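A short reminder: the numbers here are calculations on the coordinates, not readings from a lab. Quick caveat: nothing in here was measured; it's all calculated off a predicted structure. Note that we place each Cβ from the backbone using ideal geometry, even for glycine, and neighbour counts take in every protein chain shown.
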Amino acid sequence: MSSYSRQQLEAWLKTIEVDGKVLDVGGSQYPLKGRIREFSMGTEYRILDLKEPHKTKQKPDVVLDLNKEFRDELSFKDKDYYEDYFDNVFCLEVMEYIWNPVVALKNMNWFLKKGGILYISFHFLYPHHEPIKEDCLRYTWYGAIKLLEESGFAIEEMEARKFEDMNRVVTVYNTEKKRGLRKNNEIIHNYQGSLIKAIKK
C-alpha cells in the first residue's frame, strides 16, 4: 500500500498531458511513462540520473549530478544538444536528495526551452529514508516558491500535499508545544509538501 503522499502525487500526474521533448530527472527508479495522463505520439523521453541510482528500473540516458555545475563535464556536442532543448522537465521525489537546490534548479532550467514547463514535487514533512546518507533537505511552501523564483521559474500552479489525518499531526504539535502559524485560531499546516507546475521565464 503506497503512502497518502504518494497517492496524491500519482493522482496529480494523471491530470498531466505532455508532448514534445521530456526529461525525467531521477526517473530511473520510477520512470514517468505510464504514470501521467498522456504522452502524445512522438514524444521524446529521456531519463537523467546518477551513474548508479540507488534503485534502477530503467537506465538513465543522461548521467549527471545536478548538485554540481556540470557544463564542463558535457562534451560540446552534448551542450549544443541539451541546452534549451526540452519542452518539459519532471523532477519527482528527488529534491530531498538534493544538497545544493539552487544549483540543481538552475541546471534544470538550463535544459528547458524558454516557456518550457517544470513539474516538481517537494516534501515538507517526511521521515528520514533511504538512501540514508543522501537524504538531505525538506522544503516549506514559501521555501519552494523562493527557490524556484531565484532559479528562473515562475509558478503557474501549486497544490498542497495534505495529511490524510491532520488530527494526529496537531496532537504532536500540541504535545511538543510547537507554535505553528495560525489563521483565525486554526492551524494552517495541513500540508506535508507541494506539487508545482512552473514555467521557465
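Counting only other residues whose beta carbon sits under 14 Å from that of L13, what net charge do I get with K and R as +1, D and E as -1? Spell out each step's value before the answer.
Values: positive: R6, K14, K33, R35, R37, R161, K197; negative: E10, E17, D24, E38, E93, E157, E159.
Result for the local shell: 0.
Each residue of the stretch 86-97 in order: what ³J(HN,Hα) in whole Hz does its phi give by Karplus 6.51 cos²θ - 1.76 cosθ + 1.60, θ = phi - 60°, with x for Gly and Pro?
8, 7, 9, 10, 10, 9, 10, 6, 10, 4, 5, 8
Can you give the Rg and Dmax of the chain based on its C-alpha atoms, in angstrom?
Values for the chain (Cα only, Rg and Dmax): 17.5, 58 Å.
Once label points are set 7 Å from the Cα along Cα→Cβ at both K201 and C136, what is their separation, rounded to one decimal in nm?
It is 2.4 nm.
Considering amide H positions built from the backbone, and no H for Pro or chain starts, which residues 5 or more places from V94, or on another chain, come under 5 Å of its amide H?
Under 5 Å from the amide H of V94: S121.
Report, by chain and number, residues whose modeled amide H sits under 5 Å from the one on T140, excluding near sequence neighbours (fewer than 5 apart, same chain).
Correct list: empty.
Rounded to the nearest 0.05, what FRET efficiency is calculated for K113 and K177 with R0 set to 35 Å and r the Cβ-Cβ distance?
The formula returns an efficiency of 0.10 here.
Quick one: work out the % antiparallel among DSSP beta bridges in the chain, nearest 5.
50 percent
Note down the relative contact order for the chain as a percent, whole number, built from C-alpha pairs under 8 angstrom at least six residues apart. Show your work: numbers first, answer last.
Details: 377 pairs, mean separation 40.1, N = 201.
That works out to 20 percent.
Given the pairs K57/K106; K21/K162; K59/K106; K14/K114; K178/K200; K55/K197, which are separated by over 29 angstrom at their Cα positions?
K21/K162; K178/K200
Among 95-107, 19-31, 142-154, what's the highest-first ranking by average C-beta atoms within 10 angstrom per residue? Kindly include the intermediate steps, with their values, before the conclusion.
Numbers: 95-107: 18.9, 19-31: 20.6, 142-154: 17.2.
Put in order of decreasing packing, that is 19-31, 95-107, 142-154.
For G193, enumerate residues with amide H under 5 Å from its amide H, sequence gap 5+ or separate chain, H modeled in the peptide plane.
F124, L125, R161
What does the highest-first list of 47-53, 174-180 look like by mean Cβ count within 10 Å?
On the way: 47-53: 18.3, 174-180: 9.0.
Highest mean packing first, the order is 47-53, 174-180.
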